[in-house]
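J.: This is the structure I want to talk about, given as structure tokens.
The values are calculated or read from the model by the stated rules, or taken from the named source; none is laboratory data. In this text the structure is predicted, and so the values were computed from the model without any measurement. Cβ placement follows ideal geometry from the backbone for every residue including glycine, while neighbour counts extend to all protein chains displayed. To get the accessible areas, we keep the full protein, side chains included, count just its heavy atoms, and leave off ligands, DNA and RNA. Shrake-Rupley method; radii C 1.70, N 1.55, O 1.52, S 1.80 Å.
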Amino acid sequence: MTAKIIDGKEFAASVRGKVAEHVAGLKADHDITPGLAVVLVGEDPASAVYVRNKGKSTLEVGMNSYEHKLDKDTSQEDLLALIDQLNKDPKVHGILCQLPLPDHIDEPAITSAILPEKDVDGFHISNVGLLGMGLKSMVPCTPLGCLMMLRDHHGSLSGLNAVVVGRSNIVGKPMANLLLTDSCTVTIAHSRTKEIEALCRRADIVVAAVGRPEMINADWIAEGATVIDVGINRIPAPEKGEGKTRLVGDVDFASAKEKAGAITPVPGGVGPMTIACLLANTVTACCRANGLAEPEGLTA
Ligand code: NDP
């Protein structure tokens, strides 16, 4: 069997299209423009690229983007003061503080200072708790993107066996909770899990969020299973020239695609969905803040 390749770029474009449509409606019918504030502390080059891309994508769907670039030596007190100001600003519906933060700043203190209803990353403990209870919350962007692709492929996820490999707070655990809420039978595997290959082989859905290049190969996958590869790993690519690298996922795509029923590639799978879901969360937060109907298909 050769798998259907789930095209994350195309899917993300359709999500962005739905967001743009909803934003246009909010402007025309209610004179409201959703706004996303992104805070960057320091000069980490990768974080600067993420923040630039987020700002660009926000403007492209017709929302307002507010970028706050702070010096790497910014004190925790000053950062908290900015978050307080953004919490109170009615033009700002979503707040994202780009992680990682410099060492002298207490990350959980910052995450929990953002108002839960503006927490478009879904990292605030209130949102984590609501998600755990299967209640309406702001859902972390990467697992939300995975869920959207799985629902699109399967229709109903009810009764399917899902294995999530990885138990991080930003991907593995929220992914498992989302699948459980959609009535999957969920197993969370991690570095101490015994017989992990056999577990995965029994799954209808495998979500890989490990951070180990190409760890999961065809032997781990049941014939016809759906494989969602969250991993982003840079490995040497001498075939491209000395010192060159390439991106691979946590799944050995070449072998897995011959056995799976559907699979996301890396790059071009889950990655593009993450920013699209950030935009989706921002428009959802804006609708909730204004007591308006939420856009369909853009929430969990
Ligand atoms: P973390 O490092 O926080 O978590 C990795 C998880 O994998 C841990 O739970 C760890 O187990 C588990 N693990 C590590 N080694 C093994 C192993 N040999 N067997 C089984 N489980 C193992 O990573 P993240 O969740 O933050 O990210 C995972 C991957 O997803 C990374 O490649 C990251 O770059 C990527 N990512 C991609 C995003 C996107 O937009 N596409 C967004 C976020 C992340 P234990 O808890 O026991 O240590």
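J.: Residues that are open to solvent by less than 80 Å² (accessible area, probe 1.4 Å) and of a type in the set (S, T, N, Q), at least 1 per element: which strands (runs of 3 or more DSSP E) completely within the range 1-117 meet that? Before you say what the answer is, go through the steps one by one.
T.: Values: elements: 35-41, 64-70, 94-97.
Qualifying strands (runs of 3 or more DSSP E): 64-70.
J.: Hey, another quick one. What pairs come up if the first residue lies in the range 139-162 and is of a type in the set (D, E, K, R), the second is surrounded by fewer than 22 Cβ atoms within 10 Å (Cβ to Cβ) and in a loop (DSSP other than H, G, I, E, B), and their beta carbons are under 7 Å apart, counting only those six or more places apart or on different chains?
T.: Arg151/Leu157
J.: Right, here's the next one. Taking only pairs six or more apart or across chains, which ones have beta-carbon atoms under 7 Å, a first residue in the range 259-274 that is among the small types (Gly, Ala, Ser) and away from the ligand (no atom under 14 Å from the Cβ), and a second residue that is open to solvent by 40 Å² or more (accessible area, probe 1.4 Å) and modelled with pLDDT of 95 or more?
T.: Going by the 7 Å Cβ cut-off, the qualifying pairs are Gly261/Lys4; Ala262/Lys4; Ala262/His153.
J.: Of the numbered conditions (1) within 14 Å of the chain's Cα centre (by Cα); (2) open to solvent by 10 Å² or more (accessible area, probe 1.4 Å), Met273 satisfies every one except a single condition; which is it?
T.: The failed condition is (2).
J.: While we're looking at this one, here's another question. State which residue is most open to solvent (accessible area, probe 1.4 Å) when the search covers only the range 276-292 and only residues that are assigned to a loop (DSSP other than H, G, I, E, B) and touching a residue at least 40 places away in the same chain (Cβ under 8 Å).
T.: Taking the range 276-292 as the starting set, the residues that turn out to be assigned to a loop (DSSP other than H, G, I, E, B) are 290-292.
With touching a residue at least 40 places away in the same chain (Cβ under 8 Å) added as a condition, the list becomes 290, 292.
Details: Asn290: 68, Leu292: 46 Å².
Filtering the range 276-292 for residues that are assigned to a loop (DSSP other than H, G, I, E, B) and touching a residue at least 40 places away in the same chain (Cβ under 8 Å), the one most open to solvent (accessible area, probe 1.4 Å) comes out as Asn290.
J.: Among (1) of a type outside the set (D, E, K, R); (2) more than 11 Å from the ligand (Cβ to nearest atom); (3) more than 14 Å from Ala3 (Cα to Cα); (4) surrounded by fewer than 20 Cβ atoms within 10 Å (Cβ to Cβ), where does Ala300 come up short?
T.: Of the numbered conditions (1) of a type outside the set (D, E, K, R); (2) more than 11 Å from the ligand (Cβ to nearest atom); (3) more than 14 Å from Ala3 (Cα to Cα); (4) surrounded by fewer than 20 Cβ atoms within 10 Å (Cβ to Cβ), the odd one out for Ala300 is (4).
J.: Take the residues in the range 248-258 that are away from the ligand (no atom under 16 Å from the Cβ) and open to solvent by 50 Å² or more (accessible area, probe 1.4 Å); name whichever of them is nearest to Ala162 (Cα to Cα).
T.: Here the answer is Lys257.
Conditions tested, residue by residue: (1) assigned to a loop (DSSP other than H, G, I, E, B); (2) of a type in the set (A, V, I, L, M, F, W, C); (3) within 16 Å of the ligand (Cβ to nearest atom); (4) farther than 18 Å from Leu180 by Cβ.
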site	(1), (2), (3), (4)
Asp121	yes, no, yes, yes
Ser126	no, no, no, yes
Lys136	yes, no, no, no
Leu150	no, yes, yes, no
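J.: Here is a check on your reading of the model: is His124 at pLDDT 95 or above, under 15 Å from the mean Cα position of the chain (by Cα) and of a type outside the set (Lys, Arg)? Give the steps one after another, and end with the answer.
T.: Numbers: at pLDDT 95 or above: yes; under 15 Å from the mean Cα position of the chain (by Cα): yes; of a type outside the set (Lys, Arg): yes.
So His124 fits the description; yes.
J.: Next question. Taking the criterion of being among the β-branched types (Val, Ile, Thr) and more than 30 Å from Gly55 (Cβ to Cβ), would at least one residue in the range 261-277 satisfy it?
T.: In the first step, residues of the range 261-277 are kept if they are among the β-branched types (Val, Ile, Thr); the result is 263-264, 266, 270, 274-275.
Narrowing the set further to residues that are more than 30 Å from Gly55 (Cβ to Cβ) leaves 263.
Within the range 261-277, one or more residues are among the β-branched types (Val, Ile, Thr) and more than 30 Å from Gly55 (Cβ to Cβ).
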